[in-house]
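The values are calculated or read from the model by the stated rules, or taken from the named source; none is laboratory data. Remember, predicted model here, so these are calculated numbers, not experimental data. In this analysis, Cβ positions are derived from the backbone assuming ideal geometry, glycine residues included, and neighbour counts consider all displayed protein chains. The area values use the complete protein model at the heavy-atom level, side chains included, leaving out ligands, DNA and RNA. Shrake-Rupley method; radii C 1.70, N 1.55, O 1.52, S 1.80 Å.
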Amino acid sequence: MTAIEASGLTKRYGSVDALEGIHIRVERGEFFGLFGPNGAGKTTMLRILTGQLKPTEGGARVLGIDVVLEPLRVKSVIGIVPEVESPPSYLTAYEYLYFVGQVRKIGGLEDRIARWFEFFDLDDARSSLCKDLSKGTRQKLMLAAAFLHEPALVFLDEPFINLDPIYQRKLREFLQEYVGGGGTVFMATHLLDIAEKLCDRVAVIRDGAIIATGTVDEIRGPESNLEAAFLRLVGA
Ligand code: ATP
(Lines give C-alpha, C1' and ligand atoms only; values in the text may rest on other atoms or scores of the structure.)
Protein backbone atom coordinates (compact mmCIF):
# COMPACT_ATOMS: atom_id res chain seq x y z
CA MET A 1 0.00 0.00 0.00
CA THR A 2 1.22 3.49 -0.77
CA ALA A 3 2.18 5.78 2.10
CA ILE A 4 3.24 8.85 0.10
CA GLU A 5 2.54 9.73 -3.49
CA ALA A 6 3.55 13.10 -4.92
CA SER A 7 3.15 14.13 -8.51
CA GLY A 8 4.41 17.23 -10.24
CA LEU A 9 5.20 18.99 -6.96
CA THR A 10 6.47 22.46 -7.74
CA LYS A 11 7.17 25.27 -5.29
CA ARG A 12 8.23 28.77 -6.13
CA TYR A 13 9.17 31.37 -3.51
CA GLY A 14 9.01 34.55 -5.59
CA SER A 15 11.71 34.08 -8.20
CA VAL A 16 13.25 31.03 -6.42
CA ASP A 17 12.27 27.64 -7.86
CA ALA A 18 12.58 25.51 -4.71
CA LEU A 19 10.91 22.39 -6.21
CA GLU A 20 10.40 21.59 -9.87
CA GLY A 21 7.93 18.84 -10.79
CA ILE A 22 8.78 16.26 -8.11
CA HIS A 23 7.34 12.76 -8.50
CA ILE A 24 7.85 10.42 -5.58
CA ARG A 25 6.26 7.27 -4.22
CA VAL A 26 6.91 5.63 -0.86
CA GLU A 27 5.29 2.34 0.09
CA ARG A 28 4.07 1.50 3.60
CA GLY A 29 6.72 -0.23 5.68
CA GLU A 30 9.57 1.51 3.86
CA PHE A 31 12.39 3.49 5.40
CA PHE A 32 12.86 6.23 2.83
CA GLY A 33 15.74 8.71 2.87
CA LEU A 34 15.96 12.08 1.14
CA PHE A 35 19.41 13.60 0.62
CA GLY A 36 20.58 16.73 -1.10
CA PRO A 37 22.95 19.66 -0.76
CA ASN A 38 21.99 22.71 1.31
CA GLY A 39 19.12 24.57 -0.32
CA ALA A 40 18.18 21.61 -2.57
CA GLY A 41 14.53 21.65 -1.43
CA LYS A 42 14.34 18.90 1.25
CA THR A 43 12.63 20.98 3.93
CA THR A 44 10.28 22.51 1.38
CA MET A 45 9.26 19.03 0.27
CA LEU A 46 8.74 17.84 3.83
CA ARG A 47 6.69 20.91 4.64
CA ILE A 48 4.43 20.32 1.64
CA LEU A 49 4.02 16.60 2.35
CA THR A 50 3.07 17.36 5.97
CA GLY A 51 0.43 19.93 5.07
CA GLN A 52 2.39 22.94 6.33
CA LEU A 53 2.92 24.57 2.96
CA LYS A 54 0.94 24.61 -0.26
CA PRO A 55 2.69 23.68 -3.50
CA THR A 56 2.59 26.17 -6.38
CA GLU A 57 1.65 23.30 -8.68
CA GLY A 58 1.09 19.56 -8.37
CA GLY A 59 -0.17 17.62 -5.40
CA ALA A 60 0.43 14.77 -3.00
CA ARG A 61 -1.45 12.17 -1.02
CA VAL A 62 -0.19 10.97 2.34
CA LEU A 63 -1.81 7.80 3.68
CA GLY A 64 -4.42 8.43 1.00
CA ILE A 65 -5.20 11.97 2.21
CA ASP A 66 -4.80 14.98 -0.08
CA VAL A 67 -2.25 17.28 1.59
CA VAL A 68 -3.61 20.43 -0.08
CA LEU A 69 -7.29 19.82 0.58
CA GLU A 70 -7.02 18.23 4.05
CA PRO A 71 -3.80 19.37 5.73
CA LEU A 72 -5.25 19.07 9.25
CA ARG A 73 -6.25 15.43 8.66
CA VAL A 74 -2.75 14.70 7.40
CA LYS A 75 -1.22 16.27 10.51
CA SER A 76 -3.55 14.30 12.77
CA VAL A 77 -2.43 10.90 11.43
CA ILE A 78 1.30 11.42 10.91
CA GLY A 79 4.19 12.18 13.27
CA ILE A 80 6.60 15.02 12.50
CA VAL A 81 10.01 16.03 13.80
CA PRO A 82 10.76 19.27 11.96
CA GLU A 83 14.25 20.65 11.46
CA VAL A 84 15.62 23.02 14.13
CA GLU A 85 12.45 23.01 16.17
CA SER A 86 12.05 23.07 19.92
CA PRO A 87 9.18 22.19 22.22
CA PRO A 88 7.39 25.27 23.65
CA SER A 89 9.64 27.18 26.05
CA TYR A 90 6.87 27.76 28.61
CA LEU A 91 5.98 24.09 29.20
CA THR A 92 7.82 21.50 31.25
CA ALA A 93 8.92 18.30 29.53
CA TYR A 94 6.00 16.40 31.04
CA GLU A 95 3.50 19.15 30.21
CA TYR A 96 4.62 19.20 26.60
CA LEU A 97 3.93 15.50 26.07
CA TYR A 98 0.71 15.81 28.07
CA PHE A 99 -0.51 18.69 25.88
CA VAL A 100 0.38 16.81 22.68
CA GLY A 101 -1.48 13.78 24.02
CA GLN A 102 -4.56 15.89 24.85
CA VAL A 103 -4.61 17.54 21.42
CA ARG A 104 -4.32 14.13 19.79
CA LYS A 105 -6.92 12.62 22.17
CA ILE A 106 -4.62 9.73 23.06
CA GLY A 107 -5.99 7.05 25.37
CA GLY A 108 -3.78 5.61 28.11
CA LEU A 109 -1.72 8.80 27.91
CA GLU A 110 0.03 8.51 31.28
CA ASP A 111 1.38 5.08 30.38
CA ARG A 112 2.60 6.22 26.99
CA ILE A 113 4.33 9.28 28.44
CA ALA A 114 5.93 7.07 31.09
CA ARG A 115 7.25 4.72 28.39
CA TRP A 116 8.88 7.57 26.45
CA PHE A 117 10.33 9.09 29.62
CA GLU A 118 11.89 5.72 30.32
CA PHE A 119 13.06 5.16 26.73
CA PHE A 120 14.91 8.47 26.59
CA ASP A 121 15.75 8.56 30.31
CA LEU A 122 13.94 11.87 30.72
CA ASP A 123 12.97 11.68 34.38
CA ASP A 124 15.39 14.41 35.45
CA ALA A 125 13.83 16.71 32.84
CA ARG A 126 10.25 16.00 33.87
CA SER A 127 9.60 19.25 35.75
CA SER A 128 12.05 21.49 33.90
CA LEU A 129 10.85 24.10 31.45
CA CYS A 130 11.74 23.08 27.90
CA LYS A 131 13.73 26.28 27.42
CA ASP A 132 16.14 25.13 30.14
CA LEU A 133 16.76 21.67 28.63
CA SER A 134 19.83 20.73 26.60
CA LYS A 135 19.49 20.58 22.81
CA GLY A 136 19.66 16.78 22.89
CA THR A 137 16.94 16.53 25.53
CA ARG A 138 14.71 18.87 23.52
CA GLN A 139 15.28 16.66 20.47
CA LYS A 140 14.33 13.56 22.49
CA LEU A 141 11.09 15.29 23.51
CA MET A 142 10.31 16.19 19.89
CA LEU A 143 10.83 12.55 18.93
CA ALA A 144 8.67 11.30 21.80
CA ALA A 145 5.91 13.74 20.78
CA ALA A 146 6.08 12.58 17.15
CA PHE A 147 5.61 8.93 18.12
CA LEU A 148 3.25 9.42 21.08
CA HIS A 149 0.09 8.57 19.09
CA GLU A 150 1.79 5.61 17.38
CA PRO A 151 1.42 7.00 13.86
CA ALA A 152 1.67 4.77 10.78
CA LEU A 153 4.00 7.30 9.10
CA VAL A 154 6.60 9.73 10.44
CA PHE A 155 8.45 12.57 8.73
CA LEU A 156 11.84 13.20 10.30
CA ASP A 157 14.06 16.13 9.38
CA GLU A 158 17.57 15.42 10.74
CA PRO A 159 16.31 13.37 13.70
CA PHE A 160 19.82 12.33 14.84
CA ILE A 161 21.22 15.84 15.14
CA ASN A 162 22.03 16.72 18.77
CA LEU A 163 21.71 13.12 20.02
CA ASP A 164 24.80 11.57 21.58
CA PRO A 165 26.07 8.25 20.18
CA ILE A 166 24.19 6.26 22.83
CA TYR A 167 20.85 7.74 21.88
CA GLN A 168 21.65 7.77 18.16
CA ARG A 169 22.01 4.03 18.47
CA LYS A 170 18.85 3.70 20.56
CA LEU A 171 16.91 5.73 18.03
CA ARG A 172 18.32 3.69 15.15
CA GLU A 173 17.19 0.48 16.83
CA PHE A 174 13.79 1.94 17.62
CA LEU A 175 13.26 3.10 14.03
CA GLN A 176 14.29 -0.29 12.66
CA GLU A 177 11.75 -1.94 14.96
CA TYR A 178 9.11 0.61 13.99
CA VAL A 179 9.60 -0.08 10.27
CA GLY A 180 9.83 -3.82 10.94
CA GLY A 181 6.39 -3.56 12.54
CA GLY A 182 4.91 -1.93 9.43
CA GLY A 183 5.60 1.77 10.16
CA THR A 184 6.87 4.09 7.42
CA VAL A 185 9.70 6.62 7.81
CA PHE A 186 10.43 9.53 5.50
CA MET A 187 13.73 11.03 6.66
CA ALA A 188 15.64 14.02 5.32
CA THR A 189 19.26 13.98 6.41
CA HIS A 190 22.84 14.88 5.64
CA LEU A 191 24.12 11.98 7.78
CA LEU A 192 24.73 9.48 5.00
CA ASP A 193 26.46 6.87 7.15
CA ILE A 194 23.40 6.55 9.37
CA ALA A 195 21.07 6.60 6.36
CA GLU A 196 23.09 3.87 4.71
CA LYS A 197 22.43 1.59 7.69
CA LEU A 198 18.72 2.38 7.89
CA CYS A 199 17.14 3.24 4.56
CA ASP A 200 15.48 0.79 2.18
CA ARG A 201 15.20 3.35 -0.60
CA VAL A 202 16.54 6.86 -1.06
CA ALA A 203 16.17 9.83 -3.36
CA VAL A 204 18.77 12.48 -4.09
CA ILE A 205 17.49 16.00 -4.71
CA ARG A 206 19.48 18.83 -6.26
CA ASP A 207 18.25 22.29 -7.24
CA GLY A 208 14.65 21.26 -6.59
CA ALA A 209 14.71 18.14 -8.80
CA ILE A 210 15.12 14.45 -7.97
CA ILE A 211 18.31 13.37 -9.72
CA ALA A 212 18.42 9.76 -8.50
CA THR A 213 16.15 7.35 -6.70
CA GLY A 214 16.44 3.67 -5.83
CA THR A 215 17.52 1.19 -3.18
CA VAL A 216 20.64 2.00 -1.19
CA ASP A 217 22.53 -0.60 -3.26
CA GLU A 218 21.32 0.91 -6.54
CA ILE A 219 22.28 4.44 -5.52
CA ARG A 220 25.66 3.34 -4.13
CA GLY A 221 26.43 1.66 -7.45
CA PRO A 222 30.15 1.01 -7.90
CA GLU A 223 31.15 3.35 -5.05
CA SER A 224 32.28 2.01 -1.68
CA ASN A 225 29.67 3.92 0.28
CA LEU A 226 26.67 6.20 -0.03
CA GLU A 227 28.69 9.33 0.68
CA ALA A 228 30.97 8.70 -2.32
CA ALA A 229 27.94 8.02 -4.52
CA PHE A 230 26.25 11.18 -3.27
CA LEU A 231 29.31 13.31 -4.03
CA ARG A 232 29.45 11.86 -7.54
CA LEU A 233 25.72 12.39 -8.12
CA VAL A 234 25.70 16.03 -7.01
CA GLY A 235 28.91 16.69 -8.91
CA ALA A 236 30.94 17.74 -5.87
P1 ATP B 1 19.20 22.59 3.94
O2 ATP B 1 19.88 21.29 3.68
O3 ATP B 1 20.16 23.74 3.93
O4 ATP B 1 18.30 22.60 5.14
P5 ATP B 1 16.97 22.23 2.08
O6 ATP B 1 17.33 21.17 1.10
O7 ATP B 1 16.08 21.84 3.19
O8 ATP B 1 18.30 22.91 2.63
P9 ATP B 1 15.00 24.29 1.50
O10 ATP B 1 15.04 24.88 2.88
O11 ATP B 1 13.80 23.51 1.13
O12 ATP B 1 16.31 23.42 1.23
O13 ATP B 1 15.20 25.49 0.48
C14 ATP B 1 15.10 25.34 -0.93
C15 ATP B 1 15.24 26.69 -1.59
O16 ATP B 1 14.10 27.51 -1.30
C17 ATP B 1 16.47 27.49 -1.14
O18 ATP B 1 16.93 28.24 -2.24
C19 ATP B 1 15.89 28.43 -0.07
O20 ATP B 1 16.65 29.61 0.03
C21 ATP B 1 14.50 28.70 -0.64
N22 ATP B 1 13.52 28.97 0.42
C23 ATP B 1 13.14 28.11 1.41
N24 ATP B 1 12.18 28.67 2.17
C25 ATP B 1 11.96 29.91 1.66
C26 ATP B 1 11.06 30.97 2.01
N27 ATP B 1 10.20 30.88 3.02
N28 ATP B 1 11.11 32.10 1.25
C29 ATP B 1 11.96 32.20 0.21
N30 ATP B 1 12.81 31.23 -0.18
C31 ATP B 1 12.81 30.10 0.54
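When the surface is traced with a 1.4 Å probe over the full set of protein chains, S127 keeps roughly 100 Å² accessible. Sites listed here are chymotrypsin sites (Phe, Trp or Tyr not before Pro) in the range 73-107 whose DSSP assignment is loop and whose Cβ has at most 16 other Cβ atoms within 10 Å: Y90. Rg then Dmax, both in Å and based on the Cα atoms of the chain: 17.7, 52. Relative to the longest principal axis of the Cα atoms of the chain, the long axis of helix 135-147 makes an angle of roughly 80 degrees.
Counting protein heavy atoms only, the range 52-128 has 50 percent of its accessible area on carbon and sulfur, 1.4 angstrom probe. Looking at the range 51-94, the GluC sites (Glu not before Pro) that sit in a DSSP loop and have at most 16 other Cβ atoms within 10 Å of their own Cβ are E83, E85. In degrees, nearest 10, range 0 to 90: what is the angle between the Cα axis of helix 165-180 and the longest Cα principal axis of the chain? Taking Cα atoms only, the helix is inclined about 70 degrees.
In the chain, the longest principal axis of the Cα atoms and the axis of helix 109-119 are about 70 degrees apart. Counting Cα-Cα pairs of the range 1-137 in 10 Å increments starting at 0 gives whole-percent bin shares of 11, 32, 30, 23, 4.
Its Cα gyration tensor gives the range 58-192 an equivalent ellipsoid. The semi-axes, each the square root of 5 times an eigenvalue, are 23, 18, 15 Å from largest down. For R28, nonlocal amide neighbours, meaning residues 5 or more places apart or on other chains whose placed amide H falls under 5 Å from its own, are T2, A3. Normalised per residue, the accessible area of the range 61-208 is 48 Å², obtained with a 1.4 Å probe and no contribution from ligands, DNA or RNA.
As an exercise, identify the trypsin sites (Lys or Arg not before Pro) in the range 131-211 lying in DSSP coil whose Cβ has no more than 14 other Cβ atoms within 10 Å.
Passing both the DSSP loop test and the Cβ count: no residue.
In the chain, helical runs assigned H by DSSP with n ≥ 4 each contribute -39500 (n - 2.57); averaged across all residues and rounded to the nearest 500, the mean residue ellipticity at 222 nm is -10500 deg cm²/dmol.
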